[in-house]
Amino acid sequence: MSTTLQALDYQVQDHVATITLNRPQARNAISAEMKAALAEVVPAIVADSSVRAVILTGAGGAFCAGGDLRGMAEARPTMTHEGWRQRMLDVQPWLSALIQLDRPVIAAVDGAAYGAGFGLALAADFVLASPRARFCLSFMRVGLGPDFGAVYTLPRVVGVQRAKELMLSAREVDAEEALKLGIVMEVLPAESLMPRARALARSFAGASPLATRLIKQDVAQSLASDLPTMLALEAEHQAQCFGSAYQADAVQRFLDKQPPAFRWPDAGS
């Protein structure tokens with residue numbers, strides 16, 4: 001399946017959905033048309049159980065330069081307080097669905113990930129970056145606070161103090177620093193970025209959908225929970241996995257000395 005929407009390309013192949021932000025002339029800045037396309041594509045992924053992983057990337061040597069400032073400036077004369085608020089509320093259904101998706105999301109970041117683009121990258125479970133990737137919560141430069149979920153996701157990735165520093169300084173972080181901070185999982189040559197993202201995404205076609213979903217749920221809940229609750233949740237979810245046909249088959253594969261259906265691909269593969 002391949003669909004070209006205004007400002008966005010969407011493909012599903014080998015159980016992998018690939019969302020490509022496609023406004024290269026504007027470094028993939030998030031326009032109203034792009035938000036409308038994401039509002040269409042993300043629910044389609046949620047509803048399609050054949051999709052086992054998602055890749056999020058940008059076209060033309062940039063990931064996403066953030067919000068469309070020109071469009072905001074044009075809207076200002078007629079926009080009320082409630083109108084600005086509603087602009088952000090309209091994003092929340094599909095953004096929340098992406099952050100909470102029960103399948104892995106991999107962001108392949110080449111070039112700029114600024115403002116809302118940085119927030120969009122943080123919605124992923126794994127961020128891969130090229131050496132020319134640049135991350136910046138640039139909102140303070142234009143008198144705004146962070147959006148696109150960054151106030152939720154970034155402190156969970158880098159800790160509270162560093163999150164405040166990155167938000168309040170609006171400074172740029174290169175790929176190597178992003179790796180050290182835990183924002184990025186791997187830094188790869190630009191030409192290796194999408195092949196690596198596809199290899200990781202395709203590997204989940206052989207993974208247990210149940211175990212994958214429960215692991216994502218458990219990690220998300222653990223950050224706002226306590227030890228007794230999480231131990232109880234572990235026991236319940238492990239029981240569910242033990243009762244699955246996938247787990248029985250995986251054990252039999254092991255006993256028969258067959259390779260497992262799921263294997264995280266080596267970095268060089």
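For the reader, a short list of remarks on this structure follows.
- Residue 53 vs. criteria assigned by TED's automatic domain parsing to the domain that holds residue 130 and out of contact with any strand residue (DSSP E or B) (no Cβ under 8 Å at 6 or more places or on another chain): no
- Residue match in segment 69-80 (condition: out of contact with any Asp or Glu (no Cβ under 6 Å at 6 or more places or on another chain) and in contact (Cβ under 8 Å) with a residue 40 or more places away in the chain): yes
- Among the residues of segment 178-199, those identified as within 22 Å of residue 57 (Cβ to Cβ), in a helix (DSSP H, G or I) and within 19 Å of the chain's Cα centre (by Cα) are 178, 179, 181, 190, 192, 193, 194, 195, 196, 197, 198, 199.
- Considering the conditions (1) outside any helix (DSSP H, G or I); (2) of a type outside the set (D, E, K, R); (3) more than 17 Å from residue 152 (Cβ to Cβ), residue 75 is excluded by exactly one of them, (1).
- Considering residues of segment 226-269 that are among the charged types (D, E, K, R) and assigned to a helix (DSSP H, G or I) only, the residue surrounded by the fewest Cβ atoms within 10 Å (Cβ to Cβ): 236
- Qualifying position, being among the aliphatic types (A, V, I, L, M) and either at positive phi or touching a Ser or Thr at 6+ places or on another chain (Cβ under 8 Å) (or both), among 37, 59: 59
- Only one of 128, 137, 179, 154 that is modelled with pLDDT of 95 or more, surrounded by 15 or more Cβ atoms within 10 Å (Cβ to Cβ), within 24 Å of residue 221 (Cβ to Cβ) and in the same structural domain as residue 197 (by TED's automatic domain parsing): 154
- Cross-chain or 6+ apart pairs with Cβ under 8 Å, segment 235-251 first and under 18 Å from residue 218 (Cα atoms) and modelled with pLDDT of 95 or more, then part of a helix (DSSP H, G or I) and of a type in the set (D, E, K, R): 237/218
The values are calculated or read from the model by the stated rules, or taken from the named source; none is laboratory data. From a predicted model like this one, the values you see are computed outputs, not experimental measurements. Note: ideal-geometry Cβ built from the backbone for every residue, glycine included; neighbour counts use all protein chains shown.
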